[in-house]
Amino acid sequence: MHAASSPSPAVFVCRGLCKTYGSGAVAVHALVDIDLEIGGGEFIVLLGPSGSGKSTLLNILGGLDVPTTGEVRFGDHVLTGAGEADLTRYRREHVGFVFQFYNLIPSLTVRENIALVTDIAPQAMDIDEAIGLVDLTARRDHFPAQLSGGEQQRVAIARAIVKKPEVLLCDEPTGALDYATGKVVLEAIARINHDLGTTAVVITHNAAIAGMADRVIHLANGRIASVERNARKITPGELAW
């Protein structure tokens with residue numbers, strides 16, 4: 001068993017985490033006995049083939065799913081066993097999500113898509129500051145249909161971070177993008193991690209992206225197969241795949 005621990009104070013602590021779908025002969029063990037700590041401000045990359053448990057783990061960290069057994073803590077909050085109202089509040093106040101598909105509202109401009117989130121965030125940053133962090137100031141009044149895929153993904157990142165979450169959880173954020181566009185999106189995530197101190201957890205199939213991380217956690221068959229710490233983090237501009 002690999003216990004993935006961090007030198008900085010942990011924002012997430014998982015102990016004996018298991019997730020099983022179904023039962024009996026058809027049971028699928030998505031996560032098996034995961035012990036994991038993620039420190040504040042860390043950039044974590046989760047690597048592994050399809051079905052290895054990456055998205056299940058990310059969804060449990062984000063309060064979108066619950067484990068079958070084991071414990072998950074976010075700071076002083078025990079997420080395991082929390083009710084839906086508590087998990088909703090946790091997601092709203094502490095977590096930003098970025099998925100492979102952007103889920104922008106077509107009839108709203110960039111600025112209006114991001115502003116929707118500030119209505120429910122208790123300590124939102126200035127909307128134009130969030131737009132600036134992803135280098136889209138010149139596009140702020142455009143509609144999604146007027147943007148490239150990479151620009152739409154950067155709007156999704158700005159929407160996720162405008163509420164100043166402690167954690168940014170990204171599931172294949174470059175999965176639908178080409179090489180050059182993907183690097184621009186990764187630059188936005190790296191800037192938020194570095195400049196705001198936001199803990200970032202990024203799922204990818206792309207092993208090259210692992211060079212950006214503080215630590216790379218490899219999953220296989222629902223288990224942590226290995227944990228690597230990068231002696232030097234590379235910039236997105238240095239990535240090649």
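The values are calculated or read from the model by the stated rules, or taken from the named source; none is laboratory data. Fair warning: this is a prediction, and the values are worked out from it, not measured in the lab. Heads up, the Cβs are rebuilt from the backbone with ideal geometry, glycines too, and the neighbour counts pull from every protein chain shown. Quick note on the areas: whole protein, heavy atoms, side chains included, nothing else; ligands and nucleic acids left out. Shrake-Rupley method; radii C 1.70, N 1.55, O 1.52, S 1.80 Å.
With every protein chain left in place, what is the accessible area per residue of the stretch 37-142 in square angstrom, probe 1.4 Å?
On the way: 4900 Å² over 106 residues.
Dividing the accessible area of the stretch 37-142 by its residue count gives 46 Å².
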Cα gyration tensor category, rounded, prolate or oblate, for the stretch 174-225 with a/c compared to 1.5: oblate
The chain: projected area of the alpha-carbon convex hull, averaged over directions, in nm²: 13.2
Loop sites in the stretch 174-241: trypsin sites (Lys or Arg not before Pro), DSSP, at most 12 other Cβ within 10 Å: 232
Dipole-positive endmost among 57, 224, 137 within the chain (Cβ charges, Cα centre): 224
Estimated inter-spin distance, residue 35 and residue 86, nm [label 7 Å along Cα→Cβ]: 2.5
Accessible carbon and sulfur surface of the stretch 149-241 relative to its total accessible area, %, 1.4 Å: 49
Potential extension, residue 121-residue 20 segment - 0.36 nm per residue separation minus Cα distance: 33.1 nm
Whichever aspartates and glutamates have a C-alpha closer than 17 Å to that of residue 233, once near sequence neighbours (fewer than 8 apart) are set aside: 42, 187, 195, 214
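Where nothing but the Cβ of Lys and Arg (+1) and of Asp and Glu (-1) is charged, how large is the charge dipole of the chain around its Cα centre, in debye to the nearest 20?
Values: 21 positive and 27 negative charges, 54 e Å.
Dipole about the Cα centre, nearest 20: 260 debye.
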Cut-off 16 Å (backbone N to label point 7 Å along Cα→Cβ of residue 143), residues of the stretch 89-123: 104-114
For the chain, with +1 on Lys and Arg beta carbons and -1 on Asp and Glu, the positive-most of 118, 66, 34 along the dipole: 34
The stretch 119-224 shape via C-alpha gyration tensor axes, a/c threshold 1.5: oblate
Distance between the stretch 122-179 and the stretch 48-112 - C-alpha centres, whole angstrom: 18
Helix-only CD estimate at 222 nm, as mean residue ellipticity for the chain, using -39500 (n - 2.57) per DSSP H run (n ≥ 4): -8500 deg cm²/dmol
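Assuming a ≥ b ≥ c are the square roots of the Cα gyration tensor eigenvalues, decide whether the stretch 1-85 counts as rounded (a/c under 1.5), prolate (otherwise, with a/b larger than b/c) or oblate.
Numbers: a/c = 1.94, a/b = 1.35, b/c = 1.44.
Oblate, because a/c is 1.5 or more while a/b does not exceed b/c.
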Candidate aspartates and glutamates for bridging to residue 19, where Cα separation is under 16 Å - those fewer than 8 sequence places away on the same chain excluded: 33, 35, 65, 71
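Given +1 on the Cβ of Lys and Arg, -1 on the Cβ of Asp and Glu, and no further charges, what dipole in debye does the stretch 38-178 carry about its Cα centre, rounded to the nearest 20? Write down the numbers at each step before the final one.
On the way: 12 positive and 19 negative charges, 20 e Å.
Magnitude of the dipole: close to 100 debye.
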